[in-house]
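Enquirer: What follows is a structure written as C-alpha cells; I'll ask about it next.
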Amino acid sequence: MSVSASSITVGDKNVELPVKSGTIGPNVVDIGKLYGQTGAFTFDPGFTSTASCESSITYIDGDEGVLLYRGYPIEQLAEQGDFLETAYLMLFGELPTPAQKADFDYRVTRHTMVHDQMNRFFQGFRRDAHPMAIMVACVGALSAFYHDSTDISDENQRMIASLRMIAKMPTLAAMAYKYSIGQPFVYPKNDLDYTSNFLRMCFAVPCEEFQVNPIYARALDKIFILHADHEQNASTSTVRLAGSSGANPFACIAAGIACLWGPAHGGANEAALKMLMEIGTPDNVAKYVAKAKDKNDPFRLMGFGHRVYKNYDPRARIMQKTTHEVLKELNIKDDLLEVAVQLEKIALEDEYFIEKKLYPNIDFYSGITLKALGFPTSMFTVLFAVARTTGWIAQWAEMIQDPAQKIGRPRQLYVGPAQREYVAIGQRD
Ligand code: CMC
C-alpha cells in the first residue's frame, strides 16, 4: 500500500490528510483525524464516497463490470469451481488443495444437523410466516444453542461458528420452506454434496425415494457462488457494524439477514419475478418501461440498476446464460423469460436507462431460474442468504482480526431544535 497526502481547508484550519492506495481500485483519503484537527465531520448519506474498512476479500470495478473473489474472476469460479471451494477461498484467502478441499467439505458436512430442539422452536411460527422472518429468528437463536462457539476472542471457536453457519444455513432454510408448506422436515444426508443435500432437504418427502437432478444442483451451486460475497454492501456492512461491538457471530449474521430482506437489496429477486408476472406478456413491456421512466410514478424496474455497477453486472451475464441453459435442458418454456428478454432489450436501447447507466443486475434473471427449480418466490431471498453467509462470515472474521478495528459509530449533521426549556404539561398550549 502506498501513502501520499492531500490537504483540506475547513474554515481557517488546513490539515494534511494521507491518501492511501490499495492493490487496485480508487485511492482513499484517510479522514480519521479530520474531526480532531478541524472540528468538522464529513457528510455522506448512503456512504456513496466512503470506504468503511480495508478488505482483501472481494473487489468490484463497477465501470468495467468486474467482480473478483480474492483476485479470482467470478466467471472462472462459477464455471469451474463449486460453492464450498468458494467458501474455502472466502475464509482462508487461497483456493484449497485437493486434501484441504476434502477436509473442508468433511468438516462442513459434519455440522449440517441442527439441535433437535430447533424443531420445537419452529412450531411457534404461524404457517404463513415469511421464511425470511423465520431465518432472522432461527439464525439469531443459534447463539442460544451453541454457546461453545460464541467466544469471539478464541480463534478455534470463531472457526467452529463459521463452519456451523455455512453448514446449518441450508438446513434451516429447507426447514423454513417445509414448515411453510406443511411437510415434515427432511434431515440432511451427508453423502450428498452441499447443494444436492439442500435440494433434497427442500423437495424430498419421507414416503418416496428422491433423486437430485444434477442439472438443478449445478445451476443452484452456480447461483450460490454468484451470491457468495459482494464487498461492503448493506447487509455485509450491517454484519460488520453489529460485529464491531463484539456481538457473537450468530447474532451478527441474523442482523445481516434482516438487512438483506429489503427490496432494494436481497428482496429484489422476489420483486423482479413478481414484476415480470405483473407485466405478463411481451406486449406490455413498453408500458412498464414508460412507468419506470415517469418521475411521478414510484415504479422502478426491479432487477435493474446498481449502486456500484454502472455497466452490465458480470453476475447477470452468467445468470442469464444459466437461465437459458436450465430452461432448455429441462425443456421448460417459460413466458416470463420472453418478457424478461424483451424488457432487457427495450430498456438497454432506451435513452433514460443508457444515460443513467442502468443495466440488468443479478436479480433480473435469477428469479426465473429459481422458479424453474421449483422454489416459490418467498424462498428467493432465503437462498441469497444461504449463499451470502460465507461472505458475511469471511468479512466478519476479517474485521475481528483487523488491528485497526473499532466499534462502528457514525456521527451526524444535527438539524433538530437547539437547546430549549422543558414546559410543564399543564402550561402547554
Ligand atoms: N428503474 C428506474 N429508474 C431507476 C432504477 C430502476 N430500477 N434504478 C435507479 N433508477 C433511477 C433513479 O430514479 C434515479 O433517477 P434520478 O437521478 O433522475 O433521480 C437514478 O436512476 C439513480 O438511482 P438511485 O436510486 O439514486 O441509485 P442508487 O445507487 O441509490 O440505487 C438501486 C441503486 C439498486 C437501489 C436502484 O437501482 C434500484 O432501486 N433498483 C431496483 C432494485 C434492485 O434491482 N435491487 C437489486 C440490487 S442488486 C442485488 C443486491 O446487491 O442486493
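Enquirer: Report yes if some residue within segment 179-197 is basic (K, R), within 24 Å of T109 (Cβ to Cβ) and open to solvent by 50 Å² or more (accessible area, probe 1.4 Å); otherwise report no.
Expert: So far as segment 179-197 goes, yes, one or more of its residues are basic (K, R), within 24 Å of T109 (Cβ to Cβ) and open to solvent by 50 Å² or more (accessible area, probe 1.4 Å).
Enquirer: Next question, about the same structure. Applying the selection to segment 326-336, what residues are open to solvent by 70 Å² or more (accessible area, probe 1.4 Å) and either assigned to a helix (DSSP H, G or I) or out of contact with any helix residue (DSSP H, G or I) (no Cβ under 9 Å at 6 or more places or on another chain) (or both)?
Expert: K328, E329, N331, D335
Conditions tested, residue by residue: (1) within 16 Å of the ligand (Cβ to nearest atom); (2) over 30 Å from R164 (Cα atoms).
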site: C252; (1), (2): no, no
site: G266; (1), (2): yes, no
site: E278; (1), (2): yes, yes
site: V289; (1), (2): yes, yes
site: Y309; (1), (2): yes, yes
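Enquirer: Which one of K291, K328, K295 is closer than 22 Å to G46 by Cα and free of Cβ contacts under 8 Å to residues at least 12 places away in the same chain?
Expert: Step by step, each of K291, K328, K295 is checked, and only K295 is closer than 22 Å to G46 by Cα and free of Cβ contacts under 8 Å to residues at least 12 places away in the same chain.
Enquirer: What pairs come up if the first residue lies in segment 360-375 and is within 11 Å of I223 (Cβ to Cβ) and in a helix (DSSP H, G or I), the second is among the hydroxyl-bearing types (S, T, Y) and modelled with pLDDT of 90 or more, and their beta carbons are under 8 Å apart, counting only those six or more places apart or on different chains?
Expert: Y365/T322; G367/T377; T369/T322; L373/Y216
Enquirer: What's the number of the only condition in (1) surrounded by fewer than 21 Cβ atoms within 10 Å (Cβ to Cβ); (2) away from the ligand (no atom under 14 Å from the Cβ) that V339 fails to meet?
Expert: Looking at each condition in turn, V339 falls short on (1).
Enquirer: A further question follows. When you scan segment 102-114, do you find a residue that is within 16 Å of the ligand (Cβ to nearest atom), of a type outside the set (A, V, I, L, M, F, W, C) and either modelled with pLDDT of 95 or more or on the phi < 0 side of the Ramachandran plot (or both), even just one?
Expert: no
Enquirer: A further question follows. Does S244 qualify as being out of contact with any helix residue (DSSP H, G or I) (no Cβ under 6 Å at 6 or more places or on another chain) and closer than 30 Å to K406 by Cβ?
Expert: Yes: the conditions hold for S244.
Enquirer: Here's a check for you: in segment 74-111, which residue that is closer than 26 Å to V28 by Cβ and in contact (Cβ under 8 Å) with a residue 24 or more places away in the chain is most open to solvent (accessible area, probe 1.4 Å)?
Expert: Here the residue is E94.
Enquirer: In addition: Of all helices (runs of 4 or more DSSP H) completely enclosed by segment 1-114, which ones contain at least 1 residues that are aromatic (F, W, Y)?
Expert: In segment 1-114, 34-38, 83-92, 98-109 are the helices (runs of 4 or more DSSP H) which contain 1 or more residues that are aromatic (F, W, Y).
Enquirer: Give L163, L142 a once-over and let me know the one that is without any contact (Cβ under 8 Å) to a residue 60 or more places away in the chain and either touching a Lys or Arg at 6+ places or on another chain (Cβ under 7 Å) or surrounded by 24 or more Cβ atoms within 10 Å (Cβ to Cβ) (or both).
Expert: Just one listed residue meets the conditions, L163.
Enquirer: Now for a separate question. What are the residue pairs meeting all of these: first residue in segment 298-312, first residue touching a residue at least 12 places away in the same chain (Cβ under 8 Å) and aromatic (F, W, Y), second residue near the ligand (Cβ under 8 Å from one of its atoms) and in a loop (DSSP other than H, G, I, E, B), Cβ atoms under 8 Å, and 6 or more apart or on different chains?
Expert: F304/L358; F304/N361; Y309/N361
Enquirer: Okay, moving on. Among A272, A228, which is the only one that is closer than 19 Å to T112 by Cβ, touching a residue at least 24 places away in the same chain (Cβ under 8 Å) and within 13 Å of the ligand (Cβ to nearest atom)?
Expert: Just one listed residue meets the conditions, A228.
Enquirer: Also, I was wondering about something else. Going by the structure shown, is L383 within 16 Å of the ligand (Cβ to nearest atom) and under 28 Å from S244 (Cβ atoms)?
Expert: Against the criterion (within 16 Å of the ligand (Cβ to nearest atom) and under 28 Å from S244 (Cβ atoms)), L383 qualifies.
Enquirer: A further question on this structure: I'm trying to understand the selection: among the residues of segment 310-333, which are modelled with pLDDT of 90 or more and of a type in the set (S, T, Y)?
Expert: Listed by number, the list holds a single entry, T322.
Enquirer: A further question on this structure: Find the residue count for segment 186-234, including only residues that are more than 23 Å from W392 (Cβ to Cβ), outside any helix (DSSP H, G or I) and among the small types (G, A, S).
Expert: Going through segment 186-234 one residue at a time, the tally reaches 1.
Enquirer: Just to be sure I understand, how many residues within segment 345-357 are part of a helix (DSSP H, G or I) and either in contact (Cβ under 8 Å) with a residue 24 or more places away in the chain or within 19 Å of G266 (Cβ to Cβ) (or both)?
Expert: Selection size over segment 345-357: 4.
Enquirer: Continuing with this model, one more query. How many residues does segment 38-52 hold that are open to solvent by 90 Å² or more (accessible area, probe 1.4 Å) and more than 14 Å from the ligand (Cβ to nearest atom)?
Expert: 1
Enquirer: Of the residues in segment 254-264, how many are open to solvent by 10 Å² or more (accessible area, probe 1.4 Å), within 9 Å of the ligand (Cβ to nearest atom) and touching a residue at least 60 places away in the same chain (Cβ under 8 Å)?
Expert: Adding up the residues that qualify gives 0.
Enquirer: Would you point out the residue of segment 315-325, among those that are more than 12 Å from the ligand (Cβ to nearest atom) and touching a helix residue (DSSP H, G or I) at 6+ places or on another chain (Cβ under 6 Å), that is nearest to E231 (Cα to Cα)?
Expert: That would be I318.
Enquirer: Please find, within segment 345-369, the residue that is farthest from V289 (Cα to Cα) out of those that are open to solvent by less than 20 Å² (accessible area, probe 1.4 Å) and more than 10 Å from the ligand (Cβ to nearest atom).
Expert: Among those that are open to solvent by less than 20 Å² (accessible area, probe 1.4 Å) and more than 10 Å from the ligand (Cβ to nearest atom), it is T369.
The values are calculated or read from the model by the stated rules, or taken from the named source; none is laboratory data. As the structure is a prediction and not an experimental result, all values here were calculated from the model. In this analysis, Cβ positions are derived from the backbone assuming ideal geometry, glycine residues included, and neighbour counts consider all displayed protein chains. Surface areas here come from the heavy atoms of the whole protein model, side chains and all, with no ligands, DNA or RNA. Shrake-Rupley method; radii C 1.70, N 1.55, O 1.52, S 1.80 Å.
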